[in-house]
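This report refers to the structure that appears directly beneath it.
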Amino acid sequence: MKIGIDATPLPQNPVGAGVYIIQLIRALSQIELGHELIVFAHHFGHELIDIPESKNIKWIIVKEKNPALRLIWEQITLPYLARKTKLDLLHSLHYTRPIFLPCKSIVTFHDMTFFLYPKLHTVSKRFFFPLMIKLSGQISNGIIAGSENTKKDTLKFNNISENKIHVVPYGINSIFTPISNKQLLHNCKVKYNLPNEFILYVGLIEPRKNIPSLLKAYKKIIQETTSPPLVITGRPGWGMEEVNYYIDTQNLRDKVHFTGYVDREDLPLIYNLATIFVYPSIYEGFGFPPLEAMACGTPTITTAISSMPEFVGDACLLVPPQDDEALYQAMKKLLYNKDLQKVLSIKGHQQASQFTWERTARETLEVYQKVMLQP
């Protein structure tokens, strides 16, 4: 069969869902599909995914568009391209699919934050995505969810059959691993002006990631004792003003270091350099950073919310979401307990090793085959 994959939602600086798009397509290209894969992508998306055209992988490069125009393209031009290329199945990788299609379809739902936490999104997204998620869920032949929790939330907010939803956990790239090369680590430290020891956060800086709670817990720690600096790695999103305001009013500017968005190949080095990793997110459909940190052997703290307990197990410290006191206590406990750091480093690496993109690709292919067998 001919399987179309819509990679046009891929942003130029991918995180979260963008990582899923890149890694899933790469992994599908590396297994024996037995089918032809046709990938729709912008030129920069083609470069980011970085796999050549072959007997089984074909590329259709479309003109770059802003998000609003891309969604119009999705509804008008993509169905035409699906008909022209004689697709049997279209996999839409980011919540929405064309309303009218000449073939069967699968859509990936990464989480349900648009329903659970609408105020964490911009006004336009609050209006558009809940409507399109409901419609896409109803008219698609199958839905892929990255976790059991996302499946549960999808059923809660959408009038669809449970049998339509297939849970396929995402993977962790093999580049996330303990690194012993001192020269590589030193070069990374110099490149990003990192201290010898530091507490690390990695992720988009937006309200859902709950950076203010991290800053409040960190502030309490440095008031009581000597603490390494806090390093925040990730692209600034909306809500950055609140983060900057707290840092300035609490005189934390010389203790908090922002790296901005970093190259993907540098992330494993930054995880390896960190003393501990803290991820206080309010909600996650999957949550790449905690598992990436654990894969690198970095002792980790995250929140006991949504999908996180599914994946991290007992290999990191879990705290209630938005509980500043609990987060402070966990950070203080892990920061100054070297034995606990060693235990979580070993357990974390073992736990994260279960999640591979090859597994994700094979289970996704099984979903394709199940949907195609449906009448």
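The values are calculated or read from the model by the stated rules, or taken from the named source; none is laboratory data. Quick caveat, the model's predicted, so the values are computed rather than measured. Cβ atoms come from the backbone with ideal geometry, glycine included; neighbour counts cover every protein chain shown.
Key figures for this structure:
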quantity: Residue tally, condition of a type in the set (A, V, I, L, M, F, W, C), surrounded by fewer than 15 Cβ atoms within 10 Å (Cβ to Cβ) and in contact (Cβ under 8 Å) with a residue 12 or more places away in the chain, over region 321-364; calculated: 1
quantity: Residue that is surrounded by the fewest Cβ atoms within 10 Å (Cβ to Cβ) [pool: residues in region 220-244 that are touching a Phe, Trp or Tyr at 6+ places or on another chain (Cβ under 9 Å) and under 18 Å from residue 325 (Cα atoms)]; calculated: 225
quantity: Single match in 232, 199, 221, 211 (criterion: in contact (Cβ under 8 Å) with a residue 24 or more places away in the chain and farther than 20 Å from residue 282 by Cα); calculated: 221
quantity: 1 or more residues in contact with a Gly (Cβ under 8 Å, 6 or more places away or on another chain): qualifying strands (runs of 3 or more DSSP E) within region 1-64; calculated: 36-42
quantity: Exclusive hit being at pLDDT 95 or above and within 15 Å of the chain's Cα centre (by Cα), set 352, 326; calculated: 352
quantity: Members of region 312-327 that are in contact with a strand residue (DSSP E or B) (Cβ under 9 Å, 6 or more places away or on another chain) and not charged (D, E, K, R); calculated: 312, 315, 316, 317, 318, 319, 320, 321, 322, 326, 327
quantity: Residues (among the β-branched types (Val, Ile, Thr), farther than 15 Å from residue 38 by Cα and not in a strand (DSSP E or B)) located in region 84-110; calculated: 96, 99
quantity: Members of region 245-257 that are surrounded by 14 or more Cβ atoms within 10 Å (Cβ to Cβ), outside any strand (DSSP E or B) and of a type outside the set (D, E, K, R); calculated: 246, 247, 250, 252
quantity: Qualifying position, being surrounded by 16 or more Cβ atoms within 10 Å (Cβ to Cβ) and touching a residue at least 24 places away in the same chain (Cβ under 8 Å), among 194, 184, 155; calculated: 194
quantity: Which listed residue is under 20 Å from residue 363 (Cα atoms) and assigned by TED's automatic domain parsing to the domain that holds residue 111, from 22, 99; calculated: 22
quantity: Any hit, region 68-77, residues being of a type in the set (Val, Ile, Thr), in a helix (DSSP H, G or I) and in contact with a Lys or Arg (Cβ under 9 Å, 6 or more places away or on another chain); calculated: yes
quantity: Residue 204 being within 18 Å of residue 332 (Cβ to Cβ) and either of a type in the set (Lys, Arg) or in contact (Cβ under 8 Å) with a residue 12 or more places away in the chain (or both); calculated: no
quantity: Test set (1) touching a residue at least 24 places away in the same chain (Cβ under 8 Å); (2) of a type in the set (Phe, Trp, Tyr); (3) buried (at least 18 other Cβ atoms within 10 Å of the Cβ) - residue 117 fails condition number; calculated: (3)
quantity: Helices (runs of 4 or more DSSP H) fully within region 296-357 counting 1 or more residues that are outside the structural domain of residue 117 (by TED's automatic domain parsing) and of a type in the set (Phe, Trp, Tyr); calculated: 308-312, 324-335
quantity: Count - residues of region 308-317 that are in contact with a Pro (Cβ under 9 Å, 6 or more places away or on another chain) and crowded, with 18+ Cβ neighbours inside 10 Å; calculated: 5
quantity: Count - residues of region 303-355 that are of a type in the set (Ser, Thr, Tyr) and closer than 15 Å to residue 274 by Cα; calculated: 2
quantity: Pair list, Cβ < 6 Å and 6+ apart or interchain, from region 46-60 residues that are surrounded by 10 or more Cβ atoms within 10 Å (Cβ to Cβ) to residues that are polar (S, T, N, Q); calculated: 51/29; 57/29
